[in-house]
Every structure is written in structure tokens, then in C-alpha cells.
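Heads up: the structure comes next, in C-alpha cells.
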Amino acid sequence: MKKKIIFCLLLLIALILPLNKTTASADEIEVYLGGMPAGFTMQTKGAHVVGLSDVVTESGTISPAKDADIRVGDVILSIDDIEINNALDIEKAINKLENKTVCISRGGEKLIKDVTPAKDVCGNNRLGVFVKDCINGIGTITFFTKERFASLGHPVLDDNGGLLSIRNGELYDCAITGVVRGERGKAGELRGVFIKDKPIANIDKNATNGVYGKIDDQFIINKGLTKISIGEGQMGSAYIYTTIDGGEPCAYKVSVVKSERDRDTKNFVIKITDKRLLEKTGGIVQGMSGSPIVQDGKLIGAVTHVFINDPTRGFGISINNMLNN
């Protein structure tokens, strides 16, 4: 039986916007404050191997991929110099039963494998691999300019813990429909649905400090967003803007308990102090990454991580590090 299996990995991320001009001082920069959720899809570069299988042929069962030392976690980049990004590309590249030169990425290193496809009992050529080629997720927008957004405060990673290479992607309006509370030793999460009318942005970059792309300027106009200045941030009281129900953000009290400006990431340690948020979520949960941190009326950073053993605490990144990306 002919099968095409493509896996989509659900990741929770948050979206924020890089500013193109970074020569102005922080006090001179104004952006549009976010805090609302968004749904996104991203198409990866290469076909990510998520499983291996045997191929049942008329002469027995074999596994071309296993025999060639292709492993789960590898990324298939090309077959006979033909670019590979999904299962259909693989099917087209192995339409002939002859030895194939397969280029893969493993742990950041490119390797060449010689593979001979096998014909299954239905007459289809197979490598014996299951692959994924896309990522779907829900996240929080941190801020916008009139042209760009950025997100997360940390990169989307591949199965091996490396920076995930992407080709493109799209961002959609989203509504939060539920919350799984965080507990000590177990991270909670936001749950929601895409509102798929048309994308509000195109994703074009997954970097060490977030996911970036081009926003539809009509989204800025229609939302009636508020402009906010950029600040440095220091220890003391602050607010995070995040959405835990529906599509509109609310402000919740936090405390910045540690500040390290010289680091590239994890510039702040924050503690959730707002009883409303603690009762609903238990603290910081997955999907809140990228929620803007506002202090003294200025945007100073974004939430990036939760402490697994204490969900009331987590890390934040300085907004200047995201602007400088």
C-alpha cells in the first residue's frame, strides 16, 4: 500500500518584532506592544527523519535506510543533488531502482550515504523512512513595527538540539481555549486554535534570539495597537502582557529579581506575583515565551523560559538583544 507520512511537530512559541534601525538610543525607539497569541506554521529545510521502517518486497523484508546507516534525527538534504524538503521530494528522487547518493545532516555535520531503494509488493520504490517537514505552533507576539515581527527570545530547535533550519512560514490569528497548569517538575502549557482566514505575517528567520518575519501592515491598523518605548530594565516590579483566554492580552504583576545585561540571553530572572495568573496557570507555562515585560511604562524584554522546579519563576531576555539581532 502506498503511504506518504509527514509528521508535523507542535511547538509552543511566542512572536516578537525586530527593529531594522538599531542606531537610535533606546529612549528614541517606539514599537507596538503585543501580548496577543498567534498560530504559526513553518516549513523546514530538509526532510527530518522521525522513524525507520522495513520494506516488504517480493523477495523478503529489507530496510535500505537502516542498511545505509541513516538514523532517526538525521535530516535528508538531497538525493543525487536533488534538493529534498518533504516526502514527495523523496518519492520523486527515487523513481528508479538504482544506487542513490544521499546527503544528510547529523549533529551539524554533513554526511554522504549510498542507498539503493527497494521496490515494495505494491510496486512503489521506498527508502524505509518516515519524515516530517513542517512545524505548527501557538505563541505570543511581543511587539511589532510597521513592517516586522519577532518572537520567542530563543530559537526553535531541531530534534538534536540544534538551530532548526526553515524555508519559510506563515503566522495566523489565534485564540487561547485552555490552560494546563504548571507544577513543580512539570511544565504547563497554553492551548488554542488557529483562526485561518488568511496569514497576518510571513515567517522568514529562525535565529538564536527568536523567530522573525514580515507583518501585514493592515493587521497593525485593524488591531489599533499601542505604541511603547524601549527601556533598559532593572530589578523591581514590572508587568508581563500575555493571553490565557481568548485573544486579548492582560497585564499581570511580576518582579524582576535578577538582571544581567552583559549576557546574550537570559538577562532577567522574573517571579510571577499576580494571584490571578498564579491561580490560573501556576506561573509561567509553555506558550508564554515572548510575552512582553514592561517596566515603568517601557518595554524591557520578553519571557523566554520557565524554571521546571519552580513555575513561578523564569528567564527573560533583554529587548535590546532582540533588537540587535
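The values are calculated or read from the model by the stated rules, or taken from the named source; none is laboratory data. No experiment lies behind these values; they were computed from the predicted model shown. FYI the Cβ positions are ideal-geometry reconstructions off the backbone, even for glycines, and counts take in every protein chain you see.
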Just need a number here: residues in segment 197-218 that are in contact (Cβ under 8 Å) with a residue 40 or more places away in the chain and not hydroxyl-bearing (S, T, Y).
12
If a residue must be in contact with a Leu (Cβ under 7 Å, 6 or more places away or on another chain) and either assigned to a strand (DSSP E or B) or exposed (fewer than 14 other Cβ atoms within 10 Å of the Cβ) (or both), how many such residues does segment 231-264 contain?
2
Picking from I112, I166, I138, which residue would you name as being crowded, with 22+ Cβ neighbours inside 10 Å and β-branched (V, I, T)?
I138
Do we find that T304 is more than 18 Å from Y32 (Cα to Cα) and buried (at least 20 other Cβ atoms within 10 Å of the Cβ) in this structure?
yes
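Within the bounds of segment 214-224, is there any residue that is within 30 Å of T41 (Cβ to Cβ) and touching a Gly at 6+ places or on another chain (Cβ under 8 Å)?
No, because not a single residue in segment 214-224 is within 30 Å of T41 (Cβ to Cβ) and touching a Gly at 6+ places or on another chain (Cβ under 8 Å).
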Residues in segment 266-296 that are farther than 12 Å from T312 by Cα and either without any contact (Cβ under 8 Å) to a residue 40 or more places away in the chain or surrounded by 18 or more Cβ atoms within 10 Å (Cβ to Cβ) (or both): how many?
14
For the list (1) at pLDDT below 95; (2) more than 14 Å from Y172 (Cα to Cα); (3) crowded, with 22+ Cβ neighbours inside 10 Å, I need the number of the one condition that I221 fails.
(3)
So G161 fits all but one of (1) on the phi < 0 side of the Ramachandran plot; (2) of a type outside the set (F, W, Y); (3) not assigned by TED's automatic domain parsing to the domain that holds N99; what number is the exception?
(1)
Of the residues G247, G233, G224, which is in contact with a Cys (Cβ under 8 Å, 6 or more places away or on another chain) and over 17 Å from P311 (Cα atoms)?
G247
Which fully enclosed strands (runs of 3 or more DSSP E) of segment 127-218 have 2 or more residues being closer than 30 Å to A68 by Cβ?
129-140, 166-180
Could you list all residues from segment 33-68 that are part of a strand (DSSP E or B), of a type in the set (G, A, S) and surrounded by fewer than 17 Cβ atoms within 10 Å (Cβ to Cβ)?
G51, G60
